[in-house]
């Protein structure tokens, strides 16, 4: 398909920077607070990716120096009632849940602060790449709330119960090196996180997307079910790939010593 680029309200921009790789950039000064306009922009970027139908990897980044996303729009929270708060939280969760379940691999490229809802958004992505100045935190307890867009659920699955409680109960900021050491960040770079994420995207784009998504599903299942049930689910996924996925092309290409023509 041809190249597609777009913006929404000058807050979120997206473009196909490589074949099958879409770069989505948040750009709402001063800190990419996750207000309704930015959340809507992220939904529109995902709409664009789904319309194309050929996006294998989405890299989510920020154009703002020092910030990936600072979290919920606190000024907005100060002006709303309980019913509006519920709707706002539902919108944040909808974006994160859609990203987590998207038919592509997603990478959060974090060069600065990923706090509160910003970290929850990054955790909804398949993988996280951090630059040396990245910092992560869920400081909601400091304003009398808890992480409400997946933070209490996704963080323990990534770093374990004790480390997750340490981060959330103190509200502290976790530097990039520690985040990588505890598994919150998957790749750490000394340079620009977007460049490193795009390099990773290039690696990912060469493999079979149906197989990659099956890997994600089976690994995620391991957090929720007993080993025996997870093993059965793994067998079902592998059988489906063999019969209906891209395994036939992958196997043929291996035998013929050529690059597979995955979709």
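The values are calculated or read from the model by the stated rules, or taken from the named source; none is laboratory data. Just so it is clear, the model here is predicted, and its values are computed rather than measured. In this analysis, Cβ positions are derived from the backbone assuming ideal geometry, glycine residues included, and neighbour counts consider all displayed protein chains.
Is it true that some residue in region 241-263 is outside the structural domain of residue 56 (by TED's automatic domain parsing), surrounded by fewer than 17 Cβ atoms within 10 Å (Cβ to Cβ), closer than 30 Å to residue 64 by Cβ and under 23 Å from the mean Cα position of the chain (by Cα)?
no
Restricting to region 186-211, give me the number of residues that are farther than 30 Å from residue 246 by Cα and touching a helix residue (DSSP H, G or I) at 6+ places or on another chain (Cβ under 8 Å).
Residues meeting the conditions: 2.
Residue by residue, here is whether (1) more than 16 Å from the chain's Cα centre (by Cα); (2) closer than 24 Å to residue 171 by Cα holds:
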position	(1), (2)
42	no, no
46	no, no
52	yes, no
56	no, no
61	no, yes
96	no, yes
105	no, no
112	no, yes
115	no, yes
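When the residues of region 212-240 are filtered to those that are in contact with a helix residue (DSSP H, G or I) (Cβ under 6 Å, 6 or more places away or on another chain) and in contact (Cβ under 8 Å) with a residue 12 or more places away in the chain, which remaining residue is surrounded by the fewest Cβ atoms within 10 Å (Cβ to Cβ)?
223
Of these, 164, 109, 149, 179, which one is touching a helix residue (DSSP H, G or I) at 6+ places or on another chain (Cβ under 9 Å), surrounded by 15 or more Cβ atoms within 10 Å (Cβ to Cβ) and part of a loop (DSSP other than H, G, I, E, B)? First the steps, then the outcome.
Values: 164 fails: part of a loop (DSSP other than H, G, I, E, B); 109 fails: part of a loop (DSSP other than H, G, I, E, B); 179 fails: part of a loop (DSSP other than H, G, I, E, B).
Sole residue among the options that is touching a helix residue (DSSP H, G or I) at 6+ places or on another chain (Cβ under 9 Å), surrounded by 15 or more Cβ atoms within 10 Å (Cβ to Cβ) and part of a loop (DSSP other than H, G, I, E, B): 149.
When you check residue 79 against the structure, is it more than 30 Å from residue 191 (Cβ to Cβ) and either modelled with pLDDT of 95 or more or assigned by TED's automatic domain parsing to the domain that holds residue 145 (or both), yes or no?
So residue 79 passes the test.
Condition first: modelled with pLDDT under 95 and part of a helix (DSSP H, G or I). Can you find one or more residues in region 3-10 that meet it?
The answer is no, given that none of the residues of region 3-10 is modelled with pLDDT under 95 and part of a helix (DSSP H, G or I).
Select from region 29-63 the residues that are farther than 23 Å from residue 126 by Cβ and outside any helix (DSSP H, G or I) and list them in ascending order.
Once the filter is applied, which keeps residues that are farther than 23 Å from residue 126 by Cβ and outside any helix (DSSP H, G or I), region 29-63 yields 29, 30, 31, 33, 35.
Step by step: first the residues of region 11-28, then only those that are in a loop (DSSP other than H, G, I, E, B) and farther than 21 Å from residue 67 by Cα, then the one that is modelled with the highest pLDDT. Which residue is that? Before you say what the answer is, go through the steps one by one.
Of region 11-28, the ones in a loop (DSSP other than H, G, I, E, B) are 11, 19-20, 27-28.
Those still in the list that are farther than 21 Å from residue 67 by Cα too: 19-20.
On the way: 19: 90, 20: 94.
Ranking the candidates gives 20 first.
Check off (1) modelled with pLDDT under 95; (2) out of contact with any helix residue (DSSP H, G or I) (no Cβ under 6 Å at 6 or more places or on another chain) for residue 35 and give me the number that stays unchecked.
(2)
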